[in-house]
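So the structure is just underneath, and the comments pick up after that.
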Amino acid sequence: MTTAPVAGGRSAALERYEAVVGIEIHCQLKTVSKMFCGCSTDIDGAAPNSRTCPVCLGLPGTLPTINKKAVEWVIATGYAIDAEIASTTRWDRKNYFYPDIPKGYQISQYQLPLAANGRLTFDTSDGPFTVRVRRAHLEEDTGRLIHAELGVAADGSPRRVSLIDFDRSGMPLMEIVTEPDIRTAEQARRYAEELRLLMRTIGASDAEMENGQMRVEANVSIRPRGREAFGTRVEVKNMNSMRAVERAIAFEIERQAGVIDGGGEIHMETRGWDEGRQSTYHMRPKEEENDYRYFPEPDLPPLIAAPEWLAEIKARLPELPAARRSRYVESLGLSAYDAGVIVNDPIASSVFEGVLQAEPKLPAKIVANWVTGELLRLVKGSDGNLDVSEIASLIKLVADGDISGTNAKEVLAEHLASGASVASIVEARGFRQISDSGALGAAIDSVLAANPAAVADYRAGKGAAVGFLVGQVMKATRGQANAGMVQTALRERLDEPE
Ligand SMILES: [Zn+2]
């Protein structure tokens, strides 16, 4: 029995062995209709088999039609990862038998994927890391098998049945396959996170792992350090969160090291991740590629992409996460850390951009501090009442010295909780600071007149006396004076020649 290794993949096994990991990710693409028919892709919560037609049920005599939007998403992804886009591609049949695939084959792309030879760079705890992406292609999803207990068998035991829901059958899927460049569990997780962010940024997929919109599989092998040849690889599936990706791969590296160290042999197999046990388990022997007997799909023509269409897709790409991070660092002067936190979080990103758009003169660093600190802490889970223009006005009030930072945090919390405007909260709570020099001057005059001893102390060289006097002014104004301005004004007055 191998013990669960530490997350991040730092382990004794990695001192002797090098892990070689490739990742395959399937993403459900955001389209209105399915890949090869007009059925709705709105299947979440739909009644089983309510989103089906003869095409996606695989009935004989039906013909597929290509969903143009799905093709565009794969091409857009290809451009986003610097891949080569094929101007001519075709469809292939991947043949295998399984109850959730009634045609007996899946329409996929084998020899000519839409995108090939790309790369994705992301940050890790050891610095930036680049993974080469071998290919990104388009295919159709399968139906879903549901194993359930229905009633009671003759012997009184629960009757086990398997049900099929074809709502998912024919949903557009993009498969993205890396080269075996990954060496640690952390790199694998970070790659998957960066790809998820990329999918959401370009809009190709919502990429929620929990509901299967993004499925991550890993091919894991190990080899003694210094050896060139790859070890036998094991495919790991059923990792339903980013944390599970990292844990499962780290576990699998340790497991394989344990088997080899014990004189055993690694077999080519598919293993599943058991979240409860935090370990992988044998599912089935792994099929070889030639078991699928790929051949060109006779019902679909080759796909020829006009150069103007490709150019249009490329031009529609938004600013990508990597470009945005470097813009924040290079043009706005943010730290690499802050830029990463903001870009990786969709709420932080849109608030940061929105605030700077509403108040372009605000220093970006101050906006970043608010967004990455108080705001992210408070909006955890819900951004229901968040109004970017209100956040902008709040940050401006602090930057202009009209309310204190401490009070601003309370205003932010109340705005997020109730949706009330920043101005009305500041007004109702009496948070507006006295920054008017006339009003402030009057308060300072009376404090100086009432505290001749402290004034004398200061002039005798006891600088600390100024702190006492600031406190007196704050007290006289019931805390509404701008403490910074009071400090400056007091010193000016005290340093005046008598
Ligand atoms: Zn259909």
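Could you check, for region 22-29, whether at least one of its residues is at pLDDT 95 or above, out of contact with any His (no Cβ under 8 Å at 6 or more places or on another chain) and either part of a loop (DSSP other than H, G, I, E, B) or farther than 22 Å from residue 239 by Cα (or both)? Checking region 22-29: at least one residue is at pLDDT 95 or above, out of contact with any His (no Cβ under 8 Å at 6 or more places or on another chain) and either part of a loop (DSSP other than H, G, I, E, B) or farther than 22 Å from residue 239 by Cα (or both).
Highlighted here are the helices (runs of 4 or more DSSP H) found entirely within region 310-399 that include at least 1 residues which are buried (at least 18 other Cβ atoms within 10 Å of the Cβ) and in contact with a Pro (Cβ under 6 Å, 6 or more places away or on another chain): 336-344. Taking region 403-421 as the range and being assigned to a helix (DSSP H, G or I) and polar (S, T, N, Q) as the test, the residues that pass are 406, 407, 418.
Once region 156-168 is narrowed to residues that are in contact with an Asp or Glu (Cβ under 7 Å, 6 or more places away or on another chain) and in contact (Cβ under 8 Å) with a residue 60 or more places away in the chain, the residue that is farthest from the ligand (Cβ to nearest atom) is 164.
Pairs linking a residue in region 49-63 that is touching a residue at least 60 places away in the same chain (Cβ under 8 Å) and at positive phi to a residue that is outside any loop (DSSP other than H, G, I, E, B) and more than 10 Å from the ligand (Cβ to nearest atom), with Cβ atoms under 7 Å and 6 or more positions apart or on different chains, are 49/165.
Every condition in (1) within 16 Å of the ligand (Cβ to nearest atom); (2) within 29 Å of the chain's Cα centre (by Cα); (3) loosely packed, with under 15 Cβ neighbours inside 10 Å is met by residue 68 except one, and the failing one is (1). Of all residues in region 113-133, at least one satisfies being touching a helix residue (DSSP H, G or I) at 6+ places or on another chain (Cβ under 9 Å) and loosely packed, with under 12 Cβ neighbours inside 10 Å. Figure legend. Inter-residue proximity from region 10-33: first residues in contact (Cβ under 8 Å) with a residue 60 or more places away in the chain and among the charged types (D, E, K, R), second residues surrounded by fewer than 18 Cβ atoms within 10 Å (Cβ to Cβ) and assigned to a helix (DSSP H, G or I), beta-carbon distance below 9 Å, spacing 6+ or different chains. Indicated pairs: 16/261; 30/69. Listed by position, the strands (runs of 3 or more DSSP E) contained in region 97-211 that have at least 2 residues being of a type in the set (Lys, Arg) and out of contact with any Cys (no Cβ under 7 Å at 6 or more places or on another chain) are 127-140, 158-165.
The values are calculated or read from the model by the stated rules, or taken from the named source; none is laboratory data. None of the values given here were measured: they were computed from a predicted structure. For neighbour counting, all protein chains shown are included, and Cβ atoms are generated from backbone atoms with ideal geometry for every residue, glycine included.
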